[in-house]
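Heads up, the thing below is written out as structure tokens.
Every number in this text was worked out from the coordinates using simple rules, so none of it is lab data. Given the structure is predicted, the values throughout are model-derived calculations rather than measurements. Positions of Cβ are backbone-derived with ideal geometry, glycine not excepted, and every protein chain shown enters the neighbour counts.
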């Protein structure tokens, strides 16, 4: 993993600031927080056309008034407390709304004297060491057995970038030659294949990202500095936050991540972040640091994203990123959504009828809290995919369909 400075270029969507810090989608932040030494950092996107009077224009053919059934209650903006204000940055929300205790959101773990031991014993056979003879030197990373039957192992794209072959070492010491099948620099996910006949591979179990809760146990397994099978533990510090991710500095779009305080260091990239049941909830990818080492701010690509991108890779499907063509910012006051500041001429957003001043309330029925969250959601979709946007324009609510273009 390498540190880099934030850069700005055309991409999916752009916040008004030049660089976006990690943020939680339920919290609306007033300014941009410039992160010190965020590993694999990137910039943001541009829009070009302003509309002077969005209220006077009628909806485009791709936009219609929402029916009463389609107008769902909007989430309430979360208050900000002084206690939760970062020392050198904007305030952040103190707590999210607490679910009803009567409706269990996460199954209570079975009481165990050594829960981390149980996780390590269950998952360690599925975590491997990945050795790379790269042009810039010999590199080390980690990987997770994703499909044992076909020999597929997932890892970070930045671990295997620029090479076709790697050496994979299993937990029992077996060394296998691996072939890099492909990777997505935008999502920092890659797939390596080994011959499944050469060893007895054990596939990891992946948990749905929706099962992850803040405060739950998080166990990181990987090979920091080549120390195979290293286990560290902590908690899930935050979910669904956006950081400037991806292994390509030319793809400066926020990526949704899981944050953890479990110790992650160089060589952990591509390793597993697991829940108390030994299921993979994320793939350890980057850290935020001021010293070059771990300070308790680690980030993992969610399990759903890993599975989605890995499936596209092995099927030979397109890895291009979706493009909407707007810039915007979080709505203010009690309204939760993304205010459209600019619409790029000829973009999917313009063709769908979006205008400056519109408020994007949701994307495919999922509420959007700020521009970073919207950017991350668009980035997961591919060119040609249609997305349904719920738009608030004045006192009216519209439903717009946009067919995404290719970023680039």
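None of 338, 314 is touching a strand residue (DSSP E or B) at 6+ places or on another chain (Cβ under 8 Å), surrounded by fewer than 23 Cβ atoms within 10 Å (Cβ to Cβ) and either in contact (Cβ under 8 Å) with a residue 60 or more places away in the chain or more than 17 Å from residue 384 (Cα to Cα) (or both) except 314.
Of all residues in the stretch 207-233, those being under 20 Å from the mean Cα position of the chain (by Cα) and either surrounded by fewer than 22 Cβ atoms within 10 Å (Cβ to Cβ) or outside any strand (DSSP E or B) (or both) number 11.
Can we say residue 236 is part of a strand (DSSP E or B), in contact with a helix residue (DSSP H, G or I) (Cβ under 9 Å, 6 or more places away or on another chain) and free of Cβ contacts under 8 Å to residues at least 60 places away in the same chain? Taking the combined requirement at face value, the residue does not satisfy it.
Looking only at residues of the stretch 341-365 that are without any contact (Cβ under 8 Å) to a residue 40 or more places away in the chain and part of a loop (DSSP other than H, G, I, E, B), we find that the one that is farthest from the chain's Cα centre (by Cα) is 346.
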